[in-house]
Amino acid sequence: MTTSDPTLAIGSGGLSLERIGRWLRQYGVLVLLVALFVALSIGSDAFLSSRNLLNILNQNTPLAIIAMAGTLVIIAGGFDLSTGAMFGVASVTAAWVAVNIDPVLGLAIAPLVGLALGTVNGLVITGLKVHSFLATIASSLVYGGLAILITGGFLISVPDEAFAALGRGRVGPINVAVIVLVIAMAVFTYILNGTTVGRYVYAVGGNEEAASLSGIRVGRIKVMTFALSGLASGVAGAIAVSRIASGQPQAGAGLELEAVAAVILGGTSIYGGEGAVWRSVAGVMLLALIQNGFNILNANPFYKDLTTGLVIVLAVALSAGRKGK
Amino acid sequence: MTTSDPTLAIGSGGLSLERIGRWLRQYGVLVLLVALFVALSIGSDAFLSSRNLLNILNQNTPLAIIAMAGTLVIIAGGFDLSTGAMFGVASVTAAWVAVNIDPVLGLAIAPLVGLALGTVNGLVITGLKVHSFLATIASSLVYGGLAILITGGFLISVPDEAFAALGRGRVGPINVAVIVLVIAMAVFTYILNGTTVGRYVYAVGGNEEAASLSGIRVGRIKVMTFALSGLASGVAGAIAVSRIASGQPQAGAGLELEAVAAVILGGTSIYGGEGAVWRSVAGVMLLALIQNGFNILNANPFYKDLTTGLVIVLAVALSAGRKGK
Amino acid sequence: MGRLIVAPSTVHPMSNSSASPSGEAGRGARIGLRSVSKRFGATQALDDIDVDIDAGTIHALVGENGAGKSTLGKVVGGIHHADSGQLLLDGQPVGRWDAPSALDHRIATIQQELSLVPAMSVERNVFLGMEPSRAGALVGGMRERYEALDAAVGFGLDPRTPVRDLRLADQQKVEILRAIARDARLVVMDEPTSSLTQDEADRLHEIMARLRAEGRTIIYVSHFLDEVLRWADRVTIMRDGRVVRTADTAEETKDSLVEGMLGQPVELSFPPRISPAPEAPVVLEVEGLSGGIVEDVDLTIRSGEVVGLAGLVGSGRTEIARLLFGADPATSGVVRVDGTAVDLHGPWSAIDAGLVMLPEDRRGQGLVMTQNVRENITLPRLRHFARRGRVRRSDERKATRSAIERLDITPARVNGELQHYSGGNQQKALFAKWTLRPPRVLILDEPTRGVDVGAKRRIYEALLEEASNGAAVLLISSELEEVVELSTRVHLVVDGRITGEVDPTTTDADEILKQLFGTTPVAPDPHTGPTLPTKASSA
Amino acid sequence: STDPLENDTGAEDVGTADTVAGDATDAAEETGDDTAADTDADSASDDGIAIAFFASSSQNGYNQATYEGIQEAAEAAGGVTTEIFDGEFSADVQFNQIEDVIASGRFDGFVVVPNDTVGIASAVEEAIASDIGVATALFPIGPDLGTIEPQVEGIITAAAPVEPQSAELAEGVVDYCADIDPCRVIILIGQLQFPFDNVRYEAMTSVLAEHDNIELVATGEGNYDRDQSLTVMQDLIQANPEFEVLLSNADQHVAGALIALDEAGFDIPSMYIAGGGATETAIEGIRAGRWDATATSFPASEGRLAAENLIASLRGEEFDQVINMNEAGAIPSAVITAETLEEHPDFEAEWDG
Ligand SMILES: Nc1ncnc2c1ncn2[C@@H]1O[C@H](COP(=O)(O)OP(=O)(O)OP(=O)(O)O)[C@@H](O)[C@H]1O
Ligand SMILES: Nc1ncnc2c1ncn2[C@@H]1O[C@H](COP(=O)(O)OP(=O)(O)OP(=O)(O)O)[C@@H](O)[C@H]1O
Ligand SMILES: O[C@@H]1[C@@H](O)[C@H](O)OC[C@H]1O
Ligand SMILES: [Mg+2]
Ligand SMILES: [Mg+2]
């Protein structure tokens, strides 16, 4: 036993170091985000233009939407590594339908395709009682194969103007995609924190057995989180495919890990049971600011990965021990 | 005791359905491996040649070694997503040293580089108390950046004969790499099942608190697993770089997820506390057989991902509910 | 108890050369706490504690739920660091003090919340951290050591079973074995008997006495005050993180302890049993329920009735409860609540029908530790706090606040982080969770595990209140006295079947036990013989 | 490493990337300051031109050689600064990068090596609409990979037409096979899920299909990775212990596959071995008689020509809209063989992979 530990010796009443520490651990990702924002504003005139800021939001809308839904999956104790593939299938389906049937129908169908694929994920995971980590790696291979079969390996380009509205359109100065982002954030936050279903998501991830004995249909909640993740991937795919006016099976490759990384970077617990939608958005934006900074400043791209890695370590160090692990 | 339950009604001595089920769940991955092996033997004359089988082993030695060490990491409750990057750093360092100093020294130094990077991982994770999933994503970016700085982004060719010995050499008909594989398997199995340290790896992953209360220095055990994972990545990098006689920073990209997937496919629990080295080797070989099958059957590569995904689902279905989750 | 051969006093049955680094074997540790304080956020868990614990004694800690007993034990075991103050070991201030270094000094802890490695076998858990080994390589001999240990202790657990497949009580035995196997000079035992039957508890007490005879020291935390008075040498009474007094148990009585703990005398007898009106309607009806080891159970409980289940360990009381609740799949049978058949496919339909169950393992099955008090308490009834799927937090808060008051949960914070609550307060929250809204059928499986005497009384009253409001109550408890004193009728459960019914107003606990043994066809376990599910009755 | 452009090498004559990137960065910083605030990029061009190079990946030999060429052109033109951006082999990253850089208003011209030749079009259109000049290298930008004619108005293209080049490579196989029956061919393609690899594969197979004596015995995916190509080749040899031709779109595939062929004791000089990329390894191989052909690829020249014409267009001088790299390179042909090398004895590869 020791009395030399300074953090423990300080009284807890006032604004103690311990309280600041706790606050930092809780909101470390926000602190870092703000710090980076300020630094970039000082470092570059171009950064703080509304155009640039809207660009950042616009560019990251697909990832953010996937990460928000992924937050629910992870809080419920799962993992979705098939979002990139679902995004791909949704994209190529949208493009295919747009070319062969109708552009607007194409955009409308992408979320439904995502929803269907996500639901299949959920049913396989709960039906076979397998861990979603492996199950979604498997399904991502299957879905990826599907996307290739749909396109025959070729790119499907959609020259239609109407098709581009979602990805490139604007309402006044604001991109349509940014509006979708804001709506998605409101919806996911509401689901998670305002509804019974959201509460169940936390309970299932926190203690599946206790949740089940409390009358929660654990399987349904899990299926729902995966379905939402699929839906989000589909919406993200629709936005992206509309933006680049072409669908290709590879489109979403790598997105799945980026999304999971952003969620966890935000501070949502990898063990489930704890987390928040805003955290994931903050995680996405933190990564986005680094990218944008490198593009806006004269930074040598050779150092980008290194910098990104170090910023993550910093974020992580700030919130160290938040969960005691 | 009731006699109405068919699974219980049958004497526990006999060969009940339930016991077969349990056995299948336990050894599902082996069953599938054997099934695939038999199918390929029937499907292609070329498959069952000693050369082809040795090839498969030889080709997958780097991945298998990484997966074996990764087994320890995962059993201890961690995740190492930086193995690909460590593999890359080790490769380019080996090539650089081989070209600028001495080829044999180059090969010898790669494992040490991996060991050092892995140890850093372990120290960061235990020191900052962050989850290894995020920490190793961060370190993989940092290490990737490092590899690029070492090479300036270029490929380093090593025309030396001695340098190729590890990757291409043979003892009789047996590739040197295959011998390394067998030794690694023996060593990792021994560490995990024959030593106190191995026992502690299970304990730390099974219940960190219980382990710590039993006097186990949890931090040390974790650092050790990450250090071993680094070492394995270094060895794997040395073999691969020697085989293709050139080092390049991107070399190991994607390896980290493949290794984790193989480990979990083998049946090691993603929650930690349970698993085995042979399982991971079986996981690697299952994936390898699918690849090999596609190549020697001249099947359309369009269907490879789809098939791989379905085989994983099958494997997963066979062992469904093994851990109750 | 004939098989409990007391080992030669200086040689512990488990000690081998590697486990006893010094010649201290058999010498107990003396621990002193000087002005020790420990604060968690706003809670002062330990407030300037001074206690001396002498070598070779059994030193009990008693106090209300949340008084700081576990925290004190954890400070001694190196699991918590005190904020200030000093820990003296054999009169010397300790240096670095964490769990491994405490173990190095052969101070072992049995925590209140079990802490085992679930996938590992019993023996591996028992010897974790002290495996027979040479230069880091595992060598054989663990089985022999386990068997020697088991022969001395007599719990009769299969060494190869993974502990996650064990009942809670058996897991607790593994914890006990682990502490004993460590050949410790001092063992902190934090409510080690809370899941044990009387027989098993007695076995543990015998072991404690033997350890003391060998000169070892035991810190014993318990809410069973009779046991404390019977087995401990000295007792420290704690309240609100402070020491009220430390005294020889010989100088204390149950009443004096209670008064010290709670600051006031408290009625210790059971509240009066209620009996339903003769015309009270049948609420719960069970016919031919089978599944798992349970076979053909018929059960009827009327409105306002408390029906107890009495049975030996593993007789299947818990299993009956789980089947009723839809938590385990039934192979046949019908359950009716107020005449309507309940779909047994899952707890959700049981809850919809007004049938609720408080499970026996609060951490594993009862509570979600990542959620706060409010979220836990309202979880099964969340829909009642929601309109069109939207949760109304103010209603939740109101309901939670009144539950906290009713059961005196401390800290009394609606959004308190439950994971940091003391064991007894978690148990109270669990009770609150299942009685937040009046149920039609209330199944209680070990509802008072780990709660203090005052809180027990409060739970009894709450339980009876539910009954007098018209609910049907099914009560399972390893404290047979609880079952006897509170129930209107008691069913005897043997091997998953209901074999008889007794009237608790005319039959006492001993008589029920006799009947249970009489109907037990075979001894369930060759090592332990039949085990008794009651506490306090024989003590 | 699953990207088509992930050529695992650098050319030895490019110098170290550190200094390349460093110089560019410093240079750009000087002019960057006075143009940064200026949203109308056009006005920056009087005192100097700033060019951004959007590499498909900056950590890649092919792109570095391209950048080398761009810098060479910048130096020759005078008053031009350059900067490199790392597209990380990701369509998305590159798209965002272009948007960000347009928003930064610091550049007058872009040179792009596209990761996604179709998707990037809208970002490029946006750039052109903001009065930024754009040149594309390696691939055309637009939905049709088959043409190098501009599909985005105003874009300068320095590329080799994909389809005819692959067809010509396959014609070499046809010639070799003329007297061999059956003439067995193994193709190692990049990844069939990439549109350009599909175009290449179709071009190759349709040429081969016209000849009855030619038999395509197997197709493998080399993924632009030596190690993976080695693995695939080892497997393919097991099922096809005898064949005469190895045809590939990438020299990296051949480099890996040759290790397997050597190991298995194939008589390589007697076979027909063709790759793509005109790498140092391939050129050496052809000179040594082990390789037979490689599709031309001149990344440095491509970069230089793209930049030269871009600068000229920005300065209002005369420039070429379309540069066909099969004609404009150091060897004006789609395929390099021993014969073409004899005609150009001083030819040096512009990169290695
Ligand atoms: N890790 C923790 N974080 C915050 N508060 C804690 C923590 N551990 C204990 N406490 C608080 O300290 C007080 C003492 O808790 P402790 O567990 O020592 O009580 P106890 O006497 O063992 O009670 P019980 O009889 O219910 O087990 C309680 O108010 C509890 O809420
Ligand atoms: N988690 C479990 N895993 C394996 N077997 C179990 C488990 N829980 C109970 N059992 C077994 O099921 C049988 C009935 O146990 P149950 O818990 O219903 O008994 P009980 O009468 O409630 O006894 P107690 O509550 O004292 O443990 C016993 O044979 C027991 O060993
Ligand atoms: O064939 C070329 C390939 O070798 C290189 O990797 O990328 C560009 C291609 O044109
Ligand atoms: Mg306690
Ligand atoms: Mg029970």
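The values are calculated or read from the model by the stated rules, or taken from the named source; none is laboratory data. Remember, predicted model here, so these are calculated numbers, not experimental data. Ideal geometry is used to build each Cβ from the backbone, glycine not excepted, and the neighbour counts take in all protein chains shown. Heads up: the accessible areas ignore ligands, DNA and RNA and are worked out on the full protein's heavy atoms, side chains in. Shrake-Rupley method; radii C 1.70, N 1.55, O 1.52, S 1.80 Å.
Some points to look at:
- Size of charge dipole - segment B:154-278 - debye, nearest 20, with Cβ of Lys, Arg +1 and Asp, Glu -1, no other charges: 240
- Drop in accessible area of at least 20 Å² in the complex versus isolated chain, residues of segment C:122-149, 1.4 Å probe: C:Arg124, C:Leu128, C:Gly129, C:Glu131, C:Gly136, C:Ala137, C:Leu138
- Under-5 Å amide H pairs with C:Val494, H placed in peptide plane, nonlocal only: C:Thr499
- When the charge dipole of the protein assembly as shown is built from unit charges on Cβ atoms (+1 for Lys and Arg, -1 for Asp and Glu) and taken about the Cα centre, the candidate among D:Phe319, D:Leu305, D:Ser56 whose Cα reaches farthest toward its positive end is D:Ser56.
- Cβ-placed point charges (K, R +1; D, E -1), dipole of segment A:48-320 about Cα centre in debye, nearest 20: 280
- The angle separating the long axis of helix C:509-519 from the principal Cα axis of greatest extent in chain C is about 80 degrees.
- Chain D, accessible surface, carbon-and-sulfur percent (1.4 angstrom probe): 43
- Compactness of chain D, expressed as Rg and Dmax over alpha-carbon positions, Å: 20.7, 69
- In this structure segment D:225-353 gives 33 Å² per residue of accessible area when probed at 1.4 Å with all protein chains present.
- 0 to 90° range, to nearest 10: angle between helix B:277-296 axis and chain B longest Cα axis: 70
- Probe 1.4 Å, accessible area per residue of segment A:174-238, Å²: 29
- The residues of segment C:288-405 present an accessible area of 37 Å² per residue when probed at 1.4 Å with all protein chains retained.
- Relative intensity, log₁₀ I(q)/I(0), of the protein assembly as shown from a Debye sum that treats every alpha carbon as a point, q = 0.04, 0.06 Å⁻¹: -0.30, -0.65
- Dipole in debye (nearest 20) - the protein assembly as shown, about Cα centre, beta carbon charges: Lys, Arg +1; Asp, Glu -1: 8560
- Counted charge near B:Leu53, where neighbours are those whose Cβ lies closer than 15 Å (Asp, Glu -1; Lys, Arg +1): 0
- Interchain or long-range residues, amide H under 5 Å from D:Val322's placed H: D:Thr157
- Interface area, B with A, accessible, probe 1.4 Å, both sides summed, Å² nearest 100: 3700
- Averaged over the residues of A:200-209, the number of partner chain Cβ atoms lying within 10 Å of the residue Cβ comes to 5.
- Legend: residues in segment A:104-128 shielded by at least 50 square angstrom of accessible surface upon adding the remaining protein chains to the isolated chain (1.4 Å probe, heavy atoms) are A:Leu128.
- Highest-first arrangement of A:230-239, C:100-109, B:40-49, where packing means the average Cβ count within 10 Å: A:230-239, C:100-109, B:40-49
- The string of couplings for segment C:375-387 from the Karplus curve (6.51, -1.76, 1.60, θ = phi - 60°) is 5, 5, 5, 8, 3, x, 10, 4, 4, 6, 9, 10, 10 Hz, one whole number per residue in order, with x for Gly and Pro.
- In Hz, Karplus ³J(HN,Hα) per residue of segment B:63-70 (6.51, -1.76, 1.60; θ = phi - 60°; x = Gly, Pro): 4, 5, 5, 5, 5, 5, 5, x
- Averaged over A:74-82, number of beta-carbon atoms from partner chains that fall within 10 Å: 1
- In chain D, the longest principal axis of the Cα atoms and the axis of helix D:162-177 are about 20 degrees apart.
- Each eigenvalue of the Cα gyration tensor of segment B:48-320, multiplied by 5 and square-rooted, gives one semi-axis; in descending order these are 28, 24, 17 Å.
- Relative contact order (%) - criterion: Cα under 8 Å, at least six apart; region: chain D: 20
- Leaving ligands and nucleic acids aside, the D/A contact buries around 3100 square angstrom of accessible area in total at a 1.4 Å probe radius.
- Solvent-accessible area lost on pairing C with B (1.4 Å probe, both sides summed) amounts to about 2200 Å².
- For C:Ile443, the residues 5 or more places off, or on other chains, whose built amide H falls under 5 Å of its own are C:Val356, C:Met357, C:Leu358, C:Leu474.
- When the Cα positions of D:Ile214, A:Ala69, D:Thr117 are compared along the charge dipole of the protein assembly as shown, A:Ala69 comes out farthest toward the positive end, with charges on each C-beta of Lys, Arg, Asp and Glu.
- Packing rank of D:291-298, D:95-102, where each peptide gets the mean count of other beta carbons within 10 Å, highest leading: D:291-298, D:95-102
- Sulfur and carbon atoms: percent of accessible area, segment C:282-518 [1.4 Å]: 42
- A 1.4 Å probe over all protein chains sorts D:Ile273, B:Ile183, B:Ile270 by accessible area into B:Ile183, B:Ile270, D:Ile273, starting with the largest.
- Across segment C:219-231, rounded Karplus estimates of 3J(HN,Hα) from the backbone phi angles (6.51 cos²θ - 1.76 cosθ + 1.60, θ = phi - 60°) give 9, 10, 9, 7, 9, 8, 5, 4, 5, 4, 5, 7, 9 Hz, Gly and Pro being marked x.
- Pairs from the list C:Lys74/C:Lys456; C:Lys74/C:Lys428; A:Lys222/B:Lys222; A:Lys222/C:Lys456 with a Cα-Cα gap above 29 Å: A:Lys222/B:Lys222; A:Lys222/C:Lys456.
- Mean residue ellipticity, 222 nm, helices only, chain B: the sum of -39500 (n - 2.57) across DSSP H runs of n ≥ 4, divided by residue count and rounded to 500, is -24500 deg cm²/dmol.
- Protein-protein interface of segment C:350-390, residues with accessible area decrease of at least 30 Å², isolated chain reference, 1.4 Å probe: C:Gly364, C:Gln365, C:Val368, C:Thr370, C:Gln371, C:Leu379, C:Leu382, C:Gly389, C:Arg390
- The fraction of accessible area contributed by carbon and sulfur in segment B:113-180 is 73 percent, rounded to a whole number (1.4 Å probe; ligands and nucleic acids excluded).
- Relative contact order of chain A, taken over Cα pairs closer than 8 Å and 6 or more residues apart, is 33 percent.
- Placing unit charges on each Cβ (+1 for Lys and Arg, -1 for Asp and Glu) gives the protein assembly as shown a dipole about its Cα centre, and among A:Leu255, B:Ser82, C:Thr506 the Cα reaching farthest toward its positive end belongs to C:Thr506.
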